[in-house]
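A.B. asks: Can you keep this structure in mind? I'll have questions shortly.
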Amino acid sequence: MTPPLHVKHLGTVPYVDGLRIQRELREARLRDDVEDTLLLLEHPPVITVTRRHGRANVLVDDATLAARGVELHEADRGGDVTAHAPGQLVAYPVVKLHGAEKDLPRYVRNLEGAVIDVLAQYGLVGVRVPGESGVFMEPTVEGGRLEKVCAIGVKGTRWVMSHGLALNVRTDLSVFSLIVPCGLQHRGVTSLRERLGEGAPSVGEAGVRLAEALARSLGRMLAAPGQ
């Protein structure tokens with residue numbers, strides 16, 4: 001029987017509250033008190049770093065961040081520094097992996113595959129880069145850099161996964177000028193709006209499509225709303 005995936009649309013959530021919600025949900029999933037759940041949300045402007053890399057790829061000081069209205073927090077996930085801002089679709093799947101699913105690279109590829117699926121629905125081509133998690137797009141100018149449209153960073157706790165991905169839909173990309181995104185100096189950043197103009201979807205519309213794509217990619221079935 002295909003396991004269900006419940007979807008919660010949370011709107012705009014401060015980053016620290018997002019961490020708390022994930023932590024509580026993760027603990028409940030570890031106890032099997034809840035089923036697999038996908039959280040879809042946006043964050044106010046925030047830069048997140050990891051314990052492994054710290055602030056090595058943050059380009060400005062706290063005063064500059066405060067002046068720009070950008071918070072900074074440490075995240076208990078893999079990867080390096082990234083940024084969130086309104087217009088970015090953040091997806092946190094809190095799912096328990098079983099059997100052959102217990103393969104972290106495979107899980108990350110499944111997240112990437114779902115994003116590539118969504119991009120294709122808008123006539124866009126997403127690409128993977130060996131050794132670099134996330135989804136990229138080819139440059140728009142000859143000789144340009146690959147541009148990351150989706151960052152991925154996850155955490156596994158006894159094979160219950162949390163954190164996830166951030167897809168730039170209508171994001172103000174200026175927030176990324178404050179960091180070296182994911183520590184990749186040789187890559188740029190882009191968004192659906194950068195590629196599609198005003199024809200880009202809303203975050204809500206992209207979220208509906210991403211939920212469907214993630215369910216397919218992860219071998220889950222979307223639960224009916226309210227279940």
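A.B. asks: So with the 1.4 Å probe, I'd like the accessible area per residue for segment 1-57, rounded to whole Å².
C.D. replies: About 53 Å² of surface per residue is accessible.
A.B. asks: With a cut-off of at most 13 other beta carbons within 10 Å, and DSSP calling the residue loop, which GluC sites (Glu not before Pro) in segment 121-227 qualify? Please list them.
C.D. replies: Here the sparse-neighbourhood loop sites are Glu142.
A.B. asks: If you average 1/r over every pair of different alpha-carbon atoms in segment 96-159 and take one over that average, what Kirkwood value in Å do you get? Don't skip to the end; give the middle numbers.
C.D. replies: On the way: mean 1/r = 0.0768 Å⁻¹.
Hydrodynamic radius (Kirkwood, Cα only) of segment 96-159 equals 13.0 Å.
A.B. asks: Given Cα pairs under 8 Å that are at least 6 residues apart, what percent is the relative contact order of segment 76-227?
C.D. replies: 32 percent
A.B. asks: Another question about this same structure. Relative to the first principal axis of the alpha-carbon coordinates of the chain, what is the inclination of helix 104-121, with its axis defined by its Cα atoms, in degrees from 0 to 90 and to the nearest 10?
C.D. replies: 70 degrees
A.B. asks: Can you show me the helix-derived [θ] at 222 nm for the chain, built from DSSP H runs with n ≥ 4 at -39,500 (n - 2.57) apiece and divided by the number of residues, rounded to the nearest 500.
C.D. replies: Result for the chain: -8500 deg cm²/dmol, rounded to the nearest 500.
A.B. asks: Express the carbon and sulfur contribution to the solvent-accessible surface of segment 111-215 as a percent, rounded to the nearest whole number, probe 1.4 angstrom.
C.D. replies: Summing carbon and sulfur atoms, their accessible area is 49 percent of the total for segment 111-215.
A.B. asks: Counting heavy atoms of the protein chains only and a 1.4 Å probe, report the per residue accessible area for segment 75-118 as a whole number of Å².
C.D. replies: Solvent-accessible surface per residue comes out at 31 Å².
A.B. asks: Sequence gap at least 6, Cα distance under 8 Å: using those rules, report the relative contact order of segment 21-78 to the nearest whole percent.
C.D. replies: Relative CO of segment 21-78 lands at 37 percent.
A.B. asks: Could you tell me which label, among (i) 112; (ii) 124; (iii) 102, carries the value of volume of the Cα convex hull per residue in Å³ calculated for this structure?
C.D. replies: Given (i) 112; (ii) 124; (iii) 102, the calculated one carries the label (ii).
A.B. asks: Applying 1/(1 + (r/R0)^6) with R0 = 25 Å to the Cβ-Cβ distance of Ala224 and Met1, what FRET efficiency is obtained, to the nearest 0.05?
C.D. replies: FRET efficiency, Ala224 to Met1: 0.95.
A.B. asks: To continue, here is another question. Pick out, in residue order, every one of the trypsin sites (Lys or Arg not before Pro) in segment 103-211 that is DSSP loop and has at most 13 other C-beta atoms within 10 Å; say none if there are none.
C.D. replies: Passing sites in segment 103-211 are Arg158.
A.B. asks: Given a 1.4 angstrom probe, I'd like the percentage of the accessible area of segment 1-76 that is carbon and sulfur, rounded to a whole number.
C.D. replies: Summing carbon and sulfur atoms, their accessible area is 50 percent of the total for segment 1-76.
A.B. asks: In whole angstrom, note down how far apart the Cα centers of segment 1-23 and segment 138-166 are.
C.D. replies: First find each Cα centre; the distance between them is then 18 Å.
The values are calculated or read from the model by the stated rules, or taken from the named source; none is laboratory data. Computed from a prediction, not measured in an experiment: that's the story for all the values here. Positions of Cβ are generated from backbone atoms using ideal geometry, with glycine treated the same way; all protein chains shown enter the neighbour counts. Heads up: the accessible areas ignore ligands, DNA and RNA and are worked out on the full protein's heavy atoms, side chains in. Shrake-Rupley method; radii C 1.70, N 1.55, O 1.52, S 1.80 Å.
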